[in-house]
Amino acid sequence: MVCWLAPVVACVGLAACAGLAACGDKQLAALEAVRAEVCACKQPACAEAAMAKLPKTDIRSDHRTQALATAMLDCLAKIDQAATAAAASEDPDAPGSAAPGSAAPGSAGSATRP
């Protein structure tokens, strides 16, 4: 999942923007709304769409914006981990998965003679 990397870098790089623009309540509210939307997502595509709503203007860095950026990154990491785990469990070539049509030893497919 690299698609969301650019907005995240912009969000985390808020410290570099300190002093370039005023961070008013509107910007803080917008960041909080994006954070809430990202954290409510279950799929990476949903999180990417939410991250696209991040403000495109410079945002002054302070403890509140940095905390929101960290929370977004934490949510993105959880979503990405869940998607990766789900994809791995659906992969028939993944280690430990039985081949289709094969029965485990001792299952109904093998009978013993008396």
Just one of Thr57, Thr70, Thr65 is polar (S, T, N, Q), modelled with pLDDT of 70 or more, within 20 Å of Val34 (Cβ to Cβ) and part of a loop (DSSP other than H, G, I, E, B); which is it? Thr57
First in the range 71-92 and without any contact (Cβ under 8 Å) to a residue 60 or more places away in the chain, second anywhere and surrounded by 11 or more Cβ atoms within 10 Å (Cβ to Cβ) and of a type in the set (Val, Ile, Thr), Cβ under 9 Å, 6 or more apart: Ala71/Val38; Cys75/Val38; Ile79/Val38
Selection from the range 40-54 of residues part of a helix (DSSP H, G or I) and not small (Gly, Ala, Ser) yields Pro44, Cys46, Glu48, Met51
Tell me whether the range 21-31 contains one or more residues that are surrounded by 13 or more Cβ atoms within 10 Å (Cβ to Cβ) and modelled with pLDDT of 95 or more. no
Thr112 at pLDDT 95 or above and either within 30 Å of Pro55 (Cα to Cα) or among the hydroxyl-bearing types (Ser, Thr, Tyr) (or both): no
Considering every residue within the range 22-37, establish whether at least one is in a helix (DSSP H, G or I), in contact (Cβ under 8 Å) with a residue 24 or more places away in the chain and within 16 Å of the chain's Cα centre (by Cα). yes
Out of Ala50, Ala71, report the one residue that is of a type in the set (A, V, I, L, M, F, W, C), surrounded by fewer than 20 Cβ atoms within 10 Å (Cβ to Cβ) and within 13 Å of the chain's Cα centre (by Cα). Ala71
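The values are calculated or read from the model by the stated rules, or taken from the named source; none is laboratory data. These numbers come from a predicted model, not from an experiment. Positions of Cβ are generated from backbone atoms using ideal geometry, with glycine treated the same way; all protein chains shown enter the neighbour counts.
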